[in-house]
Every structure is written in C-alpha cells, then in structure tokens.
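Each remark here refers to the structure printed beneath this line.
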Amino acid sequence: MDAGGVSKKDLSTAILERKKAPNRLLADDGEGSVPLDNSTVALSPTSIEQLGIYKGDLVLLRGKRRRETVCYAVADPSCPEGRVRLGRGVRGNLGVKLGDVVSVNRRLDVPNGARVQVTPFEDSMEGISGDLFDAYLKPYFRDYLRPLCKGDTFLVRGNMRAVEFKVVETEPGDCVIVAPDTAVFCDGAAPVKREDEERLDGPGYDDVGGVRKQLAQIRELVELPLRHPKLFQTLGVKPPKGILLYGPPGTGKTLLARAIASESGAHFVVVNGPEIMSKMAGESEENLRKVFADAEANTPAIVFMDEIDAIAPNRDKTHGEVERRVVSQLLTLMDGLQPRAQVVVIGATNRPNSLDPALRRFGRFDRELDIGVPDEVGRLEILRIHSKDMPLDDDVDLERIGKDTHGFVGADLAALCSEAALQLIREKMDVIDVEEETIGVDVLNSLRICNAHLKHAMEV
Ligand code: ADP
C-alpha cells in the first residue's frame with residue numbers, strides 16, 4: 001500500500017474523529033429534567049455510557065482558554081445527544097457560552113482537601129456583615145462532598161441574599177474535594193469582579209418563566225444565527241433581521257431579550273420608543289442611526305426596541321411628520337443590515353396592529369411571537385424564579401398562590417414576592433437596627449417569609 005496515501009487518509013479522518021470524540025460535547029443550558037447546581041453537570045445516558053462514568057463519578061471539564069473545573073456527572077434523559085448541560089456558574093468557570101465545546105473526562109484522583117481558602121466578591125457583600133462562614137459556607141459544604149478548583153467562583157444562595165465566592169487557594173493541588181475534615185477559610189481581600197465574569201450576572205434563560213415555547217422559538221431565530229452565521233450562509237438562507245414580541249406590559253419581553261443577549265454573549269442595545277422621539281428636526285433619526293452604528297460595531301449584537309409602536313406607527317394613520325421620518329429611517333437602517341451582520345433587532349409592543357405595515361414585511365420584522373399573560377403553570381414557574389433567593393417558611397404553598405393569581409403577569413408576580421419580603425421586614429423592624437451600615441448575618445438568617453406575608457402582598 002502507498003504509504004503517502006495511508007497517511008493522507010489517516011489525517012483526513014483524524015479531524016473527523018476529533019470532532020466526533022464522545023468527550024467533546026457542546027454546552028447546553030441547565031434546564032433539563034435533573035436539577036443542577038454549582039457542582040453537578042448532566043450528560044445524556046449515551047454519553048455517560050460512552051465515557052464510562054458511574055454514579056457519583058467526578059469529571060474534569062475543560063472549556064475555553066484552558067479553564068478547567070471538576071464536577072459530578074449525572075445522567076439526564078432529556079439532555080440531547082452530544083451535549084452537556086451546565087448551570088450558569090459552571091459555564092462561567094469554564095468561560096464557555098451555550099454551544100461552545102467542552103471536553104469531559106472521568107477524573108478519579110481528586111484528593112480530599114486539607115485546606116481551602118475562599119473569599120467573597122466585594123460587590124456581592126454590600127450591606128452584609130457578620131460571619132459568612134456559618135450562614136453561607138457551612139450549609140453549602142454540608143450538602144455533600146463538593147469538588148472545588150482554584151480560580152472557580154460559586155454562588156451560594158442564602159437567606160434573602162446570594163453571595164458569590166472565589167476560590168483563592170486549594171491544597172493539595174488545584175482541585176480538591178471539600179470533606180468534613182477540610183479546613184475552609186473565608187478571608188482575604190474581596191476581589192472585584194472582572195468584566196468577563198460580570199456577564200454571567202445578566203439574566204439567564206432560567207430567570208424567565210412561563211414562556212417555554214416562545215423561548216425555544218426565539219433561541220432558534222436569534223441565538224443560532226448570531227452564534228453560527230456560517231451555518232446560515234452555507235445553507236443559503238437568510239437569518240431573520242427582526243422579530244416582533246407582542247403582549248401586555250410586564251410579561252417579560254425585555255427580560256427575554258436580555259436573557260438571549262447575556263446567554264449568547266451578544267452586545268445589547270436598548271431603544272426606548274417614546275424616549276428616542278424628539279421634536280427636534282432630525283434628532284430622532286440621528287439617535288436611531290447611532291444605535292445601529294453601535295450595534296454594528298459590536299457584533300454579535302441585539303437591538304431591543306421597546307414600545308416600538310411609538311417609533312413606528314402606521315404612517316397612514318399618523319399625522320406627525322417626525323413619526324413618518326423616523327419610520328422611514330428605521331426601514332432604511334433595517335434594509336441596510338447585511339445578512340451577515342450578526343445584528344438582530346427585537347421589537348416589543350403591546351399593539352402590533354398599530355405598527356406601520358411596511359415594518360412587518362419580509363426582511364424586516366417578519367417573525368412575530370405572542371408573549372401572552374401566563375397561565376397557572378407559567379405563574380408557578382415565575383413565582384419559583386422570584387422566590388428562589390427567599391427563605392420560604394414550610395407553610396408557603398406556591399402552587400396555591402399560582403392558582404389564586406389569575407391575570408397576574410410576570411411583573412405583578414415579581415412585585416408580589418418583593419411586597420411579601422417587605423411585609424416581613426416591617427414586622428422585624430424591632431430587631432433590625434436601621435442606624436447600622438450593615439445587617440448581621442444572624443438577623444438575615446432568622447428571616448422567614450410565611451404564607452401570611454404572601455397573602456398580604458396579594459391584597460395590596
Ligand atoms: P415587558 O418588557 O414585557 O414589559 P419586563 O421584561 O420589563 O416586561 O418585565 C418586568 C419585570 O417583571 C422583569 O424584570 C421580571 O422581574 C418580571 N417578569 C416579567 N415577566 C417575567 C417572566 N415571564 N418570568 C420571570 N419574571 C418576569
């Protein structure tokens with residue numbers, strides 16, 4: 001056999017094999033049928049088998065820029081093949097976004113830690129004083145034997161507040177398991193968050209409730225073309241330039257757009273319809289041009305136009321000269337966006353029919369998604385999201401509240417949760433010293449939101 005031929009063949013398939021390697025998986029979100037946390041990731045049962053992982057095994061995950069972390073791997077039948085489900089914290093530690101490649105390998109030799117030093121991020125500590133160790137770290141590490149790697153950050157949801165920590169030092173080695181005899185120190189100067197770490201603070205898909213179907217559609221329409229424009233070019237299809245979200249105020253349209261931007265790492269520019277309108281000749285158009293220029297200079301980008309009906313009302317029905325000019329400017333800007341530009345415009349309105357029809361034609365806002373008032377299941381999802389950082393008493397029945405809040409939109413349910421917390425604070429004014437700069441963790445720890453607080457909030 002011709003040796004050259006053989007080596008050629010080997011080389012060509014080597015690339016394919018590398019791609020197909022069962023341990024190279026694409027990052028997916030943490031919203032599967034198995035709940036995930038900072039220390040657990042989920043794989044499809046096929047991947048679990050291919051990688052020879054047993055229940056309780058640790059895996060070494062490798063993401064971008066050689067960033068690594070160690071987690072437990074569990075099987076999740078709802079995890080698509082070729083994907084690994086990661087919570088936001090783990091994605092942050094690996095420096096990956098959804099769709100990025102993560103390599104996953106079984107890791108057997110993680111030693112029990114002798115010593116671990118963590119330190120809270122300064123900004124997540126604002127307004128809290130006292131012993132974080134007892135209030136946050138002790139319960140966190142008591143749950144189970146958590147692996148920690150030097151450089152990781154992790155968010156601990158405590159009473160009323162979530163605090164984010166950074167792992168400064170681990171011994172022996174850079175990855176350890178925190179066992180009962182591991183000495184955990186919580187001290188040192190609190191670091192300031194770096195910008196790329198900050199991005200994880202934006203809302204994620206798990207912060208939006210009751211819009212499962214719409215979320216899937218919008219991800220397909222926006223995330224895919226923003227992240228993989230080549231895919232669309234290759235297939236000769238034009239990704240959508242504009243998407244219209246319509247529904248009553250407070251249903252989460254802005255939240256949804258922000259979540260898409262932060263999860264896909266896109267630059268996010270907001271245009272508020274009524275605000276951008278100016279009576280000064282030419283100023284509104286100039287504002288719009290600046291917004292589009294900003295987006296095009298920072299691709300991939302999402303331009304979010306809230307209350308777009310104020311910018312682009314039906315030209316036949318409006319007498320305002322400014323509106324007419326602004327509508328045509330917007331049409332020009334959208335038509336001028338190259339299909340390859342990686343800019344998607346998302347418009348939000350409560351009154352889709354009052355928009356200028358030219359905007360809703362092919363090549364402009366040609367996709368429309370109805371973000372309606374949530375039903376009972378949606379309301380429960382939203383209540384869970386907004387109460388996830390709250391210490392709920394055992395008597396709280398969120399399902400009941402979901403049933404009793406017919407007609408509430410997401411913003412109402414968020415307000416309901418804050419009002420319940422405020423009511424609790426009012427009750428506790430005798431133990432909270434308003435004169436103090438900070439509140440002790442022991443006081444925070446004693447707070448519990450009960451059904452009565454939520455009931456009260458529903459009546460306000
Ligand atoms: P819209 O843009 O539709 O007027 P927003 O996205 O501004 O609504 O919603 C305001 C706030 O209400 C959000 O920041 C969030 O706290 C809450 N909220 C609204 N809808 C939802 C939802 N579907 N899931 C979770 N929270 C929601």
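Restricting attention to the stretch 420-435, which residues are over 30 Å from Phe408 (Cα atoms) and either in contact (Cβ under 8 Å) with a residue 24 or more places away in the chain or surrounded by 12 or more Cβ atoms within 10 Å (Cβ to Cβ) (or both)?
Val431, Ile432, Asp433, listed by residue number.
Which members of the stretch 29-61 meet the condition of being within 22 Å of Phe154 (Cβ to Cβ), within 22 Å of the chain's Cα centre (by Cα) and either loosely packed, with under 13 Cβ neighbours inside 10 Å or at pLDDT below 90 (or both)?
Those that are within 22 Å of Phe154 (Cβ to Cβ), within 22 Å of the chain's Cα centre (by Cα) and either loosely packed, with under 13 Cβ neighbours inside 10 Å or at pLDDT below 90 (or both): Asp29, Gly30, Glu31, Gly32, Val34, Pro35, Leu36, Asp37, Asn38.
Residues Ala415, Ala457: which one is under 30 Å from Val345 (Cα atoms), part of a helix (DSSP H, G or I) and under 28 Å from the mean Cα position of the chain (by Cα)?
Ala415
Tally time: how many residues in the stretch 294-340 are surrounded by fewer than 19 Cβ atoms within 10 Å (Cβ to Cβ), acidic (Asp, Glu) and part of a helix (DSSP H, G or I)?
4
Kindly evaluate Gly242 against the criterion of being within 12 Å of the ligand (Cβ to nearest atom) and either over 23 Å from Leu416 (Cβ atoms) or in contact (Cβ under 8 Å) with a residue 24 or more places away in the chain (or both).
For Gly242, the condition - within 12 Å of the ligand (Cβ to nearest atom) and either over 23 Å from Leu416 (Cβ atoms) or in contact (Cβ under 8 Å) with a residue 24 or more places away in the chain (or both) - is not met.
Which ones in the stretch 69-114 are among the polar types (S, T, N, Q) and under 18 Å from Leu145 (Cα atoms)?
Once the filter is applied, which keeps residues that are among the polar types (S, T, N, Q) and under 18 Å from Leu145 (Cα atoms), the stretch 69-114 yields Thr69, Asn112.
Quick test for you: out of Thr234, Thr254, pick the one residue that is in a helix (DSSP H, G or I), β-branched (Val, Ile, Thr) and within 14 Å of Gly347 (Cα to Cα).
Thr254
For the stretch 200-239, which residues satisfy the criterion of being under 24 Å from Ala358 (Cα atoms) and either near the ligand (Cβ under 9 Å from one of its atoms) or out of contact with any strand residue (DSSP E or B) (no Cβ under 8 Å at 6 or more places or on another chain) (or both)?
Val237, Lys238
Scan Ala358, Ala415, Ala348 and give me the residue that is under 26 Å from Ala259 (Cα atoms) and surrounded by fewer than 19 Cβ atoms within 10 Å (Cβ to Cβ).
The unique qualifying residue is Ala415.
Please go through the stretch 384-395 and pick out each residue that is closer than 15 Å to Glu419 by Cβ and either out of contact with any Cys (no Cβ under 7 Å at 6 or more places or on another chain) or in contact (Cβ under 8 Å) with a residue 60 or more places away in the chain (or both).
Ser387, Met390, Leu392, listed by residue number.
Looking at the stretch 366-411 only, could you name the residues that are assigned to a helix (DSSP H, G or I), within 12 Å of the ligand (Cβ to nearest atom) and among the small types (Gly, Ala, Ser)?
Of everything in the stretch 366-411, those that are assigned to a helix (DSSP H, G or I), within 12 Å of the ligand (Cβ to nearest atom) and among the small types (Gly, Ala, Ser) turn out to be Gly378, Gly410, Ala411.
The values are calculated or read from the model by the stated rules, or taken from the named source; none is laboratory data. Fair warning: this is a prediction, and the values are worked out from it, not measured in the lab. Because the Cβ atoms are built from the backbone with ideal geometry, glycine has one as well, and the counts that use them run over all protein chains shown.
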